[in-house]
Amino acid sequence: MLSRLLRADEPSIFSSGPWDLVPDSELPVPPLLEGLGQAHLAVSTRIPLAQAYFDQGLRLLHMGWGGEARRAFAEAARRDPRLAMAWWGLALARGAGGRYSTDRSEAIRHALALSAEATDLEQRYIVAASLLADRGPANGRMVFVREMEHLIDRYPEDAEARLLLAGFLMDGYEPDGRPGAGQPYAQALLRELLRTHPHHEGVHLAWISAMVGSGRPEAAKDSALHLLSLPFRCSPYLLGAGRLLLRLGLTEQAHEALQLAVEADDVWLARERLPANAAPGAAEAMRLLVTACADAGRYIEGQGWARRLRSRVEGGTDAQASVLVACTLAGLHLRFGFWRAAADVRLELSEQASAAERGLLDGLRGYTRGLSTLESGRLAEAERACEALEVLHVKLSEERRSDGYILCPRDVARVVEVAADELRGSLDARRGDSARAEATLVRAVRLERRLRTAGPPPFSRPARETLARVRLRCGREEKALELALALAAERPGSGQVRFLVAEARVALEKLPEAAQDFSTGLQLWRQADPHLPELQRARTFMAGRGRHLHVVGAEPVEPPEGPEPFHPQKVMG
């Protein structure tokens, strides 16, 4: 989808791909693949292979698989050097950002030079893309939309133009749930495409992307199941389906889709003899699998996926990938309250690491160590950790912005700021200053909601969960329950959130309702690791047939030794 390529909405953990620096003319020949989708646009060529490779590039463009789309468009241009639309595709597949502005401009210049031999429809595509290449996605947005609208009005049966415009317009949702500027327009286009082209895989993937962040993700459930049922295993489709199913709380189906995405990428990498950073979805699928395992209480399995993810970057030179893997593992430990394990995650960066990479690692270390000292009662050390995070935030905010798939220091600064406020609010609550703790955590919640999707995911504990627990400790049980119920509605597959709802009901002495929530949580955790403290507390409550149980603020235990140790060194080296 253009939204992914032009705004880097879902960046890879890798800072670069295998062909990013390879000129279009030198890209290796890709195989012709079956099953990528129904997308087709007749272009001005008499060479069947040029048309086939162009269609393959178009299908990959709809997936947001920019690197592989470039290969397909480049091969179409080799097969027919006069094919203007092949250069159109090369310009769009380069994505946004200043790193490739020269390449985009050169490709669109080729397309414009050859467009005299193209049809009116193709010329309109090329002119619209030239406006993006010249002005960028931000400054060229309005004129690009207007040109595409003119094209669609002239050629109303062209589904590809409507799909590309919808993909470009998708702008997500504001923190308060309001849709972004182009979101309703994109959804209207996609609804019509679902009616007229119900078997177009690109339409279903775009619909999933449009709805996954909305308040009604169930509207895209059928699209996710459709992609999951396709005989051809393609990781971008499977990743999209898995993300939507996870959002709906259908953890087992999401788990299946995400595993299939990893397997599909592994098969593709082996066949093409390519490095791990060429895979379009495996790394993100593994990170989501860690999340799915956390929601289901499967801590051991989550570490297994973290280990597999670690093996993909181990021994490489991509510091960004290593830091993001460390954040994934530490986040898993924190999700279950294993503070010392999170603080012990080890990673050393080379001297060539960027300011953003070093800042993210320093923020992770400072936060986890601060949280570990806080939970052990060493409040002075936790205070020093808060101060260090606040200094780090200011330092990163003053760094120069970067774009593309490279970590931006200012995005890292936002993540560090959220972590600093979450830790500070927790520290204030421990000191008994409930008013200041709530104010700080409310600010952390607002900051967390405003994090850019193109930046690194937050490594700190979810700020709203921390706020709910602080409210429970401070006697604001009704407000805590209200917040916990909102979280449960957003993450219906999370056992931790359901247990939080149950704890709030216990605090309010609504014991029958608490028993129902504990029962729901236990069902979500039916395959959970038996040693987890949340599981033990829920079972203790249920065994007591609903008698009052003080579960709020209970200290977690560290995971036990066993045949599969939980040492972070084993995962992170």
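So which residues in region 25-45 are under 16 Å from Ala84 (Cα atoms) and either polar (S, T, N, Q) or assigned to a helix (DSSP H, G or I) (or both), if there are any at all? Matches in region 25-45: Ser25, Ser44, Thr45. Checked against the criterion of being touching a Pro at 6+ places or on another chain (Cβ under 6 Å), modelled with pLDDT of 90 or more and charged (D, E, K, R), region 54-61 has no qualifying residue. Within region 499-526, residues that are free of Cβ contacts under 8 Å to residues at least 40 places away in the same chain and farther than 18 Å from Glu477 by Cα reach partners that are in a helix (DSSP H, G or I) and among the charged types (D, E, K, R) with beta carbons closer than 8 Å, at six or more positions or on different chains, in the pairs Thr520/Arg498; Gly521/Arg498; Gly521/Glu534; Leu522/Arg539. For region 256-272, the criterion of being among the polar types (S, T, N, Q), out of contact with any His (no Cβ under 9 Å at 6 or more places or on another chain) and modelled with pLDDT of 95 or more is met by at least one residue.
Restricting region 336-362 to residues that are out of contact with any Asp or Glu (no Cβ under 9 Å at 6 or more places or on another chain), under 23 Å from Thr373 (Cα atoms) and charged (D, E, K, R), which is surrounded by the fewest Cβ atoms within 10 Å (Cβ to Cβ)? Out of the qualifying residues, it is Glu348.
Being closer than 23 Å to Tyr367 by Cα and either in a helix (DSSP H, G or I) or of a type in the set (Lys, Arg) (or both) is a property that Glu448 has. For region 138-151, the candidate set comprises residues that are assigned to a helix (DSSP H, G or I) and surrounded by 18 or more Cβ atoms within 10 Å (Cβ to Cβ); within that set, the residue that is farthest from the chain's Cα centre (by Cα) is Leu151. Scanning region 451-472 for residues that are within 23 Å of Ala356 (Cβ to Cβ), at pLDDT 90 or above and either among the hydrophobic types (A, V, I, L, M, F, W, C) or part of a helix (DSSP H, G or I) (or both) yields Phe459, Ala463.
A quick yes/no check of all residues on (1) free of Cβ contacts under 8 Å to residues at least 12 places away in the same chain; (2) touching a helix residue (DSSP H, G or I) at 6+ places or on another chain (Cβ under 8 Å); (3) of a type in the set (A, V, I, L, M, F, W, C); (4) farther than 26 Å from Ala454 by Cβ:
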position: Thr328; (1), (2), (3), (4): no, yes, no, no
position: His333; (1), (2), (3), (4): no, yes, no, no
position: Gly337; (1), (2), (3), (4): no, yes, no, yes
position: Glu357; (1), (2), (3), (4): no, yes, no, no
position: Gly363; (1), (2), (3), (4): no, yes, no, no
position: Leu371; (1), (2), (3), (4): no, yes, yes, yes
position: Leu407; (1), (2), (3), (4): no, yes, yes, no
position: Arg410; (1), (2), (3), (4): no, yes, no, no
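Candidates are the residues of region 46-78 that are of a type in the set (Phe, Trp, Tyr) and in a helix (DSSP H, G or I); the one that is farthest from Glu106 (Cα to Cα) is Tyr53. Within region 399-439, can you find the residues that are more than 27 Å from the chain's Cα centre (by Cα), among the hydrophobic types (A, V, I, L, M, F, W, C) and closer than 21 Å to Leu364 by Cα? Across region 399-439, the qualifying residue is only Leu427. Taking the criterion of being surrounded by fewer than 18 Cβ atoms within 10 Å (Cβ to Cβ), in a loop (DSSP other than H, G, I, E, B) and out of contact with any Asp or Glu (no Cβ under 8 Å at 6 or more places or on another chain), the residues of region 178-212 that qualify are Arg178, Pro198, His199.
Being at pLDDT below 95, β-branched (Val, Ile, Thr) and within 25 Å of the chain's Cα centre (by Cα) is a condition met by at least one residue of region 7-15.
Here Pro175 fulfils each of the conditions (1) over 20 Å from Val127 (Cβ atoms); (2) not in a loop (DSSP other than H, G, I, E, B); (3) not basic (Lys, Arg) apart from (2). The residues in region 156-172 that are without any contact (Cβ under 8 Å) to a residue 60 or more places away in the chain, part of a loop (DSSP other than H, G, I, E, B) and charged (D, E, K, R) can be counted, and the count is 1.
Of the residues making up region 371-381, at least one is outside any loop (DSSP other than H, G, I, E, B), acidic (Asp, Glu) and out of contact with any His (no Cβ under 8 Å at 6 or more places or on another chain).
The values are calculated or read from the model by the stated rules, or taken from the named source; none is laboratory data. Everything numeric in this text was worked out from a predicted model, so none of it was measured. Note: ideal-geometry Cβ built from the backbone for every residue, glycine included; neighbour counts use all protein chains shown.
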